[in-house]
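A quick write-up on the structure given underneath.
The values are calculated or read from the model by the stated rules, or taken from the named source; none is laboratory data. Since we're looking at a predicted model, the values are computed, not measured. Note that each Cβ is placed from the backbone with ideal geometry, even for glycine, and that neighbours are counted across all protein chains shown. Surface areas here come from the heavy atoms of the whole protein model, side chains and all, with no ligands, DNA or RNA. Shrake-Rupley method; radii C 1.70, N 1.55, O 1.52, S 1.80 Å.
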Amino acid sequence: MKSLLNKNLSYFLVCTSIVLLCCAPLFFYVMKYFYTEDLDELIIFRSNEFVEKRLPDFITKDITHWNLYNEDIQIESRKNFHSSGKVVQESIYNKSEGHEIDYRIYYQKIRIEGKEYILTSRIPLIEDKDLIGMLAGQYGIVFIVLLSSLLIIQKIISRKLWNPFYDSLSKIEKFNLEKEVKPDFKNTNIIEFHRLNQILTTLIDNDIKVFKQQKEFIENASHELQTPLAILQTRLDLLLQEPDLSQHQTEVIQSLYDVSSRLTRLNKNLLLLAKIDNNQFEKMETIDFNQVLSSQIDYLKEVAESEGIKLEMEILNPLEIKANKTLLEGLINNLVVNAIRYNIPNGIITITVQDSKFTIKNTGEEKSLDQEKIFNRFRRNNENKKGNGLGLSIVNQIVKFHNWNIKYAYYNTIHQFTVSFR
């Protein structure tokens with residue numbers, strides 16, 4: 001793919017080259033016309049000069065001697081009649097070339113000692129092939145210099161004209177909806193770019209407005225759901241403690257209790273996402289990552305083993321990072337729980353800390369996850385597994401919040417997530 005500027009220059013280069021090449025024949029014929037015109041003036045001047053300066057003192061016996069040493073101006077007898085008073089073109093044998101070539105010839109009637117003669121003034125033309133070769137060299141130099149100059153000028157002008165567009169494009173590429181900071185576009189007097197900036201500003205304003213409304217809705221809904229869910233779980237707990245419940249009633253209440261627990265987790269996750277989006281985790285501190293990881297793994301290892309999954313951890317170097325501790329714990333918890341949830345029977349989870357990277361590998365389904373959708377909200381890689389599809393989305397938001405980087409890879413049935421802290 002080419003940039004708009006380079007594509008414009010390519011088209012300009014091709015079109016200009018075609019125009020200049022098409023002009024070459026015209027240039028040839030124009031040059032030949034003026035060249036012939038100059039030769040005509042020269043031979044007429046020579047003829048007139050001879051008549052004015054030499055003819056008055058010229059005698060008949062001088063004709064043979066003159067013709068012997070003046071090939072371009074010959075004196076012929078009147079019997080070799082030629083039309084006089086105009087320049088004509090004729091082919092005459094040329095000794096130096098060894099073949100006939102074209103001459104421009106001017107015939108003029110003169111009188112020497114009372115007898116009429118014809119004064120023939122002539123000059124050889126440069127042959128077309130020689131003229132074409134000479135003009136090709138000259139035109140080639142002009143072609144290269146002119147084309148190069150025009151290309152440089154066009155490039156400079158195009159860069160200047162397109163600068164507002166590329167400035168707007170650069171700012172749009174850096175725009176982050178979650179930060180809600182509108183790009184400040186440069187003022188321009190080019191109507192099209194001015195309209196583009198106005199439209200982009202309007203679109204961004206609308207997007208920020210909708211994004212704020214969505215965040216406020218999620219946060220408000222999550223807050224409002226907390227109390228009803230807590231009451232629901234409390235009432236279900238009381239019902240489960242009733243002594244006279246039948247087996248069927250107990251199963252129904254238990255299923256409702258599981259659903260309410262899942263709703264509670266979903267609500268907490270949505271509230272956490274809303275808080276991250278609203279930058280409500282401002283407290284940042286220097287944290288010993290390995291210590292936080294070890295404290296989280298103690299509990300998560302028991303969860304993994306209860307599912308028949310072996311969890312191994314390898315810490316190769318100390319690691320201190322600047323982060324919000326609550327969010328860091330959420331990052332570790334969600335990644336490990338995700339590795340447990342989507343593992344296979346008798347699977348393995350390997351956690352490694354090396355340099356400034358935290359890597360978690362796990363066995364799982366023998367296919368790679370969708371790289372483009374893996375961090376989308378409510379995206380579940382397996383509908384048969386428990387979960388609400390927000391775990392990896394929360395991980396991604398925590399990584400973005402701290403300006404870290406996370407990558408996913410798959411090879412030989414191993415799924416790998418790597419968080420780079422620098």
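Hand me the list of strands (runs of 3 or more DSSP E) wholly inside the stretch 67-159 holding 3 or more residues that are touching a helix residue (DSSP H, G or I) at 6+ places or on another chain (Cβ under 7 Å).
Because the criterion is at least 3 residues that are touching a helix residue (DSSP H, G or I) at 6+ places or on another chain (Cβ under 7 Å), the strands (runs of 3 or more DSSP E) in the stretch 67-159 that meet it are 73-77, 99-112, 115-124.
Just checking, which of ASN346, ASN338 is of a type outside the set (D, E, K, R), in contact with a Gly (Cβ under 9 Å, 6 or more places away or on another chain) and at positive phi? Before the answer, list the steps.
Numbers: ASN338 fails: at positive phi.
Exactly one residue qualifies, and that residue is ASN346.
Mind listing just one residue for me: the one in the stretch 117-141 that is at pLDDT 85 or above and in contact with a Phe, Trp or Tyr (Cβ under 9 Å, 6 or more places away or on another chain) and, of those, farthest from TYR11 (Cα to Cα)?
Among residues in the stretch 117-141 that are at pLDDT 85 or above and in contact with a Phe, Trp or Tyr (Cβ under 9 Å, 6 or more places away or on another chain), the one farthest from TYR11 (Cα to Cα) is ILE118.
Just the residues that are modelled with pLDDT of 85 or more and either within 27 Å of ASP57 (Cα to Cα) or open to solvent by less than 20 Å² (accessible area, probe 1.4 Å) (or both), please, taken from the stretch 91-103.
Selection gives ILE101, TYR103.
Among the residues that make up the stretch 7-25, is at least one of them in contact with an Asp or Glu (Cβ under 9 Å, 6 or more places away or on another chain), surrounded by fewer than 15 Cβ atoms within 10 Å (Cβ to Cβ) and hydrophobic (A, V, I, L, M, F, W, C)?
No: zero hits.
So which pairs qualify, if the first residue must be in the stretch 152-181 and farther than 30 Å from GLN397 by Cβ, the second must be among the hydroxyl-bearing types (Ser, Thr, Tyr), the Cβ gap must be under 7 Å, and the two must be at least 6 apart or on different chains?
Within 7 Å, the pairs are PRO164/THR188.
Looking at PHE28, PHE12, which one is touching a residue at least 40 places away in the same chain (Cβ under 8 Å), outside any strand (DSSP E or B) and more than 19 Å from ILE126 (Cβ to Cβ)?
So the residue among PHE28, PHE12 that is touching a residue at least 40 places away in the same chain (Cβ under 8 Å), outside any strand (DSSP E or B) and more than 19 Å from ILE126 (Cβ to Cβ) is PHE12.
Out of all the residues in the stretch 32-42, is one or more within 22 Å of MET134 (Cα to Cα) and polar (S, T, N, Q)?
Checking the stretch 32-42: at least one residue is within 22 Å of MET134 (Cα to Cα) and polar (S, T, N, Q).
Tell me which residues, restricted to the stretch 111-135, are farther than 23 Å from ASN94 by Cβ and either touching an Asp or Glu at 6+ places or on another chain (Cβ under 6 Å) or open to solvent by 60 Å² or more (accessible area, probe 1.4 Å) (or both).
Passing the criteria: ARG111, GLU113, LYS115, GLU116.
Among (1) open to solvent by 90 Å² or more (accessible area, probe 1.4 Å); (2) of a type outside the set (Gly, Ala, Ser); (3) at pLDDT below 85, which single condition is GLN154 missing?
(1)
At least 3 residues that are in contact (Cβ under 8 Å) with a residue 12 or more places away in the chain and open to solvent by less than 50 Å² (accessible area, probe 1.4 Å) in each: list the strands (runs of 3 or more DSSP E) lying fully within the stretch 312-367 that qualify. Walk me through it before giving the result.
Details: elements: 320-323, 348-354, 357-363.
Here the list reads 348-354, 357-363.
Report, by residue number, each residue of the stretch 40-75 that is open to solvent by 70 Å² or more (accessible area, probe 1.4 Å) and among the β-branched types (Val, Ile, Thr).
Selection gives THR64 alone.
ILE374 - would you say it is open to solvent by less than 20 Å² (accessible area, probe 1.4 Å), among the hydrophobic types (A, V, I, L, M, F, W, C) and within 32 Å of the chain's Cα centre (by Cα)?
Working: open to solvent by less than 20 Å² (accessible area, probe 1.4 Å): yes; among the hydrophobic types (A, V, I, L, M, F, W, C): yes; within 32 Å of the chain's Cα centre (by Cα): yes.
Yes; evaluated as a whole, the condition is true for this residue.
Among the listed residues ILE231, ILE199, which satisfies the condition of being open to solvent by 50 Å² or more (accessible area, probe 1.4 Å) and at pLDDT below 85?
ILE231
Which condition number in (1) modelled with pLDDT of 75 or more; (2) exposed (fewer than 13 other Cβ atoms within 10 Å of the Cβ) is the one that GLU282 fails?
Condition (1) is where GLU282 drops out.
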